Amino acid sequence: MSDRVEVKKNYRDADGKVELEPKNFYTWNPKKGKVGKRCFFNGQVEHMPDDFNWPKKEAMRELLEAKKLEQEKPFS
């Protein structure tokens, strides 16, 4: 008993030449445009300054929030 039957396809015509099937996909020429430095999709990107002191500011904010939760008089 066999589960699989092998079928050998013949891709040659009567003269012995190989017949080609249609292409799976088609390609186009590459797009034309600028390439290189100062080439952007939506114009030049504006400068965005970075705050390098954000860890210190964040720590101070967390400290002040913690101080708000403390009692005025220590536990006695």
Taking a straight Cα-to-Cα line shorter than 18 Å from Lys57, and setting aside same-chain lysines fewer than 8 residues away, one finds Lys67, Lys68
Beyond 20 Å, the calculated P(r) of the chain holds a percent of Cα-Cα pairs equal to 77 percent
Highest GNM mean-square fluctuation among Lys57, Lys32, Lys23, for the chain with Cα springs under 10 Å, belongs to Lys23
So the angle from the long Cα axis of helix 54-69 to the longest Cα principal axis of the chain, reported in degrees to the nearest 10, equals 50 degrees
Calculated from DSSP helices alone, with each H run of at least 4 adding -39500 (n - 2.57) and the total divided by the residues of the chain, [θ]222 nm to the nearest 500 comes to -7000 deg cm²/dmol
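Bear in mind that the values in this text are calculations on the coordinates, not laboratory data. If you're wondering where the values come from, they're calculated on a predicted model, not measured in any experiment.
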